[in-house]
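Structure first, commentary second.
The values are calculated or read from the model by the stated rules, or taken from the named source; none is laboratory data. Given the structure is predicted, the values throughout are model-derived calculations rather than measurements. Don't worry about glycine lacking a Cβ; one is built from the backbone with ideal geometry, like all the others, and counts go over all protein chains shown. Side chains are part of the model used for accessible areas, which takes the heavy atoms of the whole protein and leaves out ligands, DNA and RNA. Shrake-Rupley method; radii C 1.70, N 1.55, O 1.52, S 1.80 Å.
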Amino acid sequence: MNPEDFIAQLSQEAGIDANQAASVNGILESTFLAGNKNKEMITKLISEKLGVDQAQANMIYDIAVGLLATGVLSKIKGIFKK
């Protein structure tokens, strides 16, 4: 999934505007490591940057990680298609 598609999908699923989704994308690109190791730091940054409460930041994070996982799985499956 390219960044534009990710931002559009995140915006739609999380109910945030494209600029907010782009901010979340930037946060994830600069801090994301596999697993939940950085979840607390990332959700804090999302909360501060978007001006949302921690519960909404967690929801946005969960949606974003789900979208990223879906995109990665699609790429993996695409490698094995004939």
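The listed residues are LEU50, LEU73, and the only one of them that is at pLDDT below 80 and either more than 13 Å from the chain's Cα centre (by Cα) or farther than 20 Å from GLY15 by Cα (or both) turns out to be LEU73. Looking only at residues of the range 45-62 that are farther than 12 Å from LEU28 by Cα, assigned to a helix (DSSP H, G or I) and touching a helix residue (DSSP H, G or I) at 6+ places or on another chain (Cβ under 8 Å), we find that the one that is least open to solvent (accessible area, probe 1.4 Å) is ALA57. Looking only at residues of the range 8-38 that are assigned to a helix (DSSP H, G or I), open to solvent by 60 Å² or more (accessible area, probe 1.4 Å) and at pLDDT below 90, we find that the one that is farthest from ALA69 (Cα to Cα) is SER30.
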